[in-house]
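One structure is given here, and the rest of the page talks about it.
The values are calculated or read from the model by the stated rules, or taken from the named source; none is laboratory data. Nothing here was measured: the structure is a model prediction, and the numbers come from that model. Methodologically, a virtual Cβ is constructed for each residue, glycine included, from the backbone with ideal geometry; neighbour enumeration extends over all protein chains shown. Calculation scope for accessible area: heavy atoms of the full protein, side chains included, ligands and nucleic acids excluded. Shrake-Rupley method; radii C 1.70, N 1.55, O 1.52, S 1.80 Å.
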Amino acid sequence: MTIRLLQYIFHPQSTRRETKDTEKTSCRFVTFVDQNLASTSSIALRLTLFASLLLTACASAAPTAILATATPAPVGISIEALTDQAPPGPFGSATPPLPSAPGTAMAPLPTATPDAFKSLTVCLPAEPHSLYEYAPGTRESSLARAAVLEALRDGPIDHLAFDYQPVILEKLPSLKDGDAFITPAKARAGDTMVDANGGIMALANGVHYFDAGGVEQVYSGGTVELMQMTVTFRLRDGLQWEDGVPLTIDDALFAWEIANHPDNFAADRYLANRMFAPLVIDSRTVQWTYLPGFKDTLFYTRFPAPLPRHLYGQLTPAQLAADASVNRRPLSFGPFVMAEWVAGDHITLTKNPKYFRAAEGLPHLDQLIFRFVADPQKMIEQAKGGQCDLAVAAQGSAQESIFLPHLNAIAQAEASGSLKSYSANSAAYEHLDFNINPVEGYNGLAGSNLFQDARVRQAFAHCMDRRALIDTLLKGRGDLPAAYVPPNHPYFDPSGITLYLFDPARGKALLDEAGWKDTDGDGLLDKKGRALSLDYFFGPAGNTLRQSIAAILQTQLRQNCGIEIKLVEESGDALFGDFSSGALFGRRFDLAQFAWVGGGDSPPCGLYTRSEWTGLGDGQPDQYGLVGYPSGGNNAGYINPDFDNLCLRALGSLDAAEKKSLHSAAMRLFSQDAPSILLFFKPKIALARPNVFGFRLDSTQDTDLWNVEALDVTP
């Protein structure tokens, strides 16, 4: 499956940059790095979807302790010397069990059997290459690593139901509570600062910046006041490593140093370059202060998963990467500790008596075993036979569940009572895009401005039976989307949302209003001698789910409303290439179907704004008066200044109430305009034996084992 997966990472580059494909036929990771937009969207737009970004620090020759200083010293603010590299992947985490939330599948609680030895076997589709966070590996092995690490470390922050919750921190800092605050920083021409797009530069005339109130301004000389954020994190009391050594702020700073070191495989200096040196308040408290002008809408998540300085502190990043114990037997502060790793077969963990929640009786299990079963059909059979107590997909947010092609077999196992399946909406949604404003010279039917008429777009929505898609292809697993976020998203407000229920009569009436009628009796609508016949792009070639969706919609549109779609199945490169090589982002199509991922706390509305306009990137306006970028995401060519204003203000806001109000208004406008038809949210799916309890799937948690300490079994 190919999904153009957005990871808004907010890098201050002059052009947009795309990373290499991680898999030829899997997911295309796209990093947007727009420096030319002078809008408040730029910051939040790049920070929204990479919510678990590891906080990193300035490069140093070797890791050393960072001591408290009376005045924070600038770190890495020489503009010429700065380099920002792609950040490491998000950490896994685990949290205490929470009340069930909408869109969350949860197993019931067991009848306690405290004296019985409890062991649970989890089957994964791949084996980790290493348990060191920065070791290279395939996508599958990295996802397996994240699943195992859930059991070896807890937090530091969970991303649950599109929200963030502290795990090893006392709380998340907030502007309301005062452990995050903004102070005015005076600046004059020539002073180093961060502009409104996140670029570090000297203040000069024409530079866009955020003032002390967080409002975007344009510098025109003199002394001005820039916003400067300070954030304080405090560890909870009683944390310790499995060897009994206390876990302190120094361990978090060590992780920060390692993550940022230039010798680290995944070194990233982006956030560190925009911060002063950390100020250590005490053994549990640290304070970060950002460079003047930097607005970080995810400031409350910038805390790294600790590494044990007392054990690894004398090792360089290169030595860490080569150390057998780091890779195969990492020190734990989570609910379990490493006991055994038999390569190619299994990993065994045992209960950690030093776990900070041990007094609560956690974890419930005495032993946790990970087995590696690559074939999902075999995994289902082994779960039925008892070799797997829990079978998880270990999938990324962009992927289709490995269990999706096997839903019939799963249903049969459930009917027999040998298995129970769990599902929850993921944040990835399949959608059908209209080419509203094609590239100049496009000769398809969309090139005649067909989809600039909102009635035509709305008609398509009424002519398609999306519920039938969900019931047929997903066996009913999933909600009918009303917006580009699932219904359990905290910013979703159903009031005022325009719903497009299956209503072919309404669809044909709208098309008739737009001048499309069957004048020759051939069953197809036509207008001015041209049939309503469109090219429907999808792929990559061989994606069975998309093939099925395309075939069903082809039949529905023809039978329901007299619309012909001609299926064009392309390779991933032909579809998803940058402007102008790729059909989709080159805006050379009529209709296109693929998936977006919106896993952050902020909805992915930025995809449909001028900030994601596709184009050559030469700084010159196109025929629509917009400057585009080769890696832009607005392939639909949707232009609505009111929507842009609402969305971009929401993404840049630091106030939760304001964000919700603006996002809700943007969704209402989007639903009225219907620039894209949301087909369904891809489901997360997992399987468990009937005696497994406490398992819970969540829409935004990075792995399915986020609450592994709460898992329990009965005999």
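Details
- Taken together, the residues in region 238-249 that are touching a residue at least 60 places away in the same chain (Cβ under 8 Å), under 22 Å from LEU172 (Cα atoms) and open to solvent by 40 Å² or more (accessible area, probe 1.4 Å) amount to 2.
- Consider region 470-496 and keep the residues that are open to solvent by 20 Å² or more (accessible area, probe 1.4 Å) and aliphatic (A, V, I, L, M). The one that is farthest from ASP673 (Cα to Cα) is LEU473.
- Residue within region 322-333 that is over 26 Å from ALA383 (Cβ atoms), of a type in the set (Val, Ile, Thr) and crowded, with 21+ Cβ neighbours inside 10 Å present: yes
- Any hit, region 628-639, residues being aliphatic (A, V, I, L, M), open to solvent by 60 Å² or more (accessible area, probe 1.4 Å) and modelled with pLDDT of 95 or more: yes
- The condition of being touching a residue at least 40 places away in the same chain (Cβ under 8 Å), part of a loop (DSSP other than H, G, I, E, B) and either touching a helix residue (DSSP H, G or I) at 6+ places or on another chain (Cβ under 9 Å) or crowded, with 21+ Cβ neighbours inside 10 Å (or both) holds for only one of ALA252, ALA266, that being ALA266.
- Hits in region 679-693 - residues which are at pLDDT 95 or above and open to solvent by 10 Å² or more (accessible area, probe 1.4 Å): ARG689, PRO690, ASN691, PHE693
- Close contacts from region 555-570, counting a first residue that is at negative phi and a second that is outside any helix (DSSP H, G or I) and among the charged types (D, E, K, R), with Cβ to Cβ under 7 Å and a gap of 6+ residues or different chains, come to GLN556/ASP465; ARG558/GLU564; LYS566/ASP535; VAL568/ASP535.
- Leading residue by the ranking (nearest to the chain's Cα centre (by Cα)) among those in region 125-148 that are closer than 21 Å to TYR355 by Cβ and open to solvent by less than 10 Å² (accessible area, probe 1.4 Å): ALA147
- Summed over region 252-292, the residues that are of a type in the set (Lys, Arg) and more than 14 Å from PRO304 (Cα to Cα) give a count of 1.
- Lone qualifier among TYR270, TYR219, TYR300 - being touching a His at 6+ places or on another chain (Cβ under 7 Å) and either closer than 23 Å to HIS159 by Cα or not charged (D, E, K, R) (or both): TYR270
- If you go through region 565-598 and keep only what is open to solvent by 10 Å² or more (accessible area, probe 1.4 Å) and either closer than 28 Å to THR700 by Cβ or not small (Gly, Ala, Ser) (or both), you end up with LYS566, LEU567, VAL568, GLU569, GLU570, GLY572, ASP573, ASP578, PHE579, ARG588.
- Among (1) in contact with a Pro (Cβ under 7 Å, 6 or more places away or on another chain); (2) on the phi > 0 side of the Ramachandran plot, the one test that GLY625 misses: (1)
- Checklist (1) out of contact with any Lys or Arg (no Cβ under 6 Å at 6 or more places or on another chain); (2) polar (S, T, N, Q); (3) in a loop (DSSP other than H, G, I, E, B) applied to THR472, failing item: (3)
- In region 457-469, the residues that are open to solvent by 10 Å² or more (accessible area, probe 1.4 Å) form Cβ pairs under 6 Å with partners that are modelled with pLDDT under 95, at six or more places apart or across chains, as follows: ARG466/LEU480; ARG467/LEU480.
- Check on THR230, among the hydroxyl-bearing types (Ser, Thr, Tyr), touching a strand residue (DSSP E or B) at 6+ places or on another chain (Cβ under 6 Å) and farther than 25 Å from PRO306 by Cβ: no
- Hits in region 162-217 - residues which are part of a loop (DSSP other than H, G, I, E, B), under 15 Å from THR289 (Cα atoms) and touching a Leu at 6+ places or on another chain (Cβ under 8 Å): LEU175, ALA212
- Residue count, region 391-418 (criterion: open to solvent by less than 10 Å² (accessible area, probe 1.4 Å), assigned to a loop (DSSP other than H, G, I, E, B) and hydrophobic (A, V, I, L, M, F, W, C)): 3
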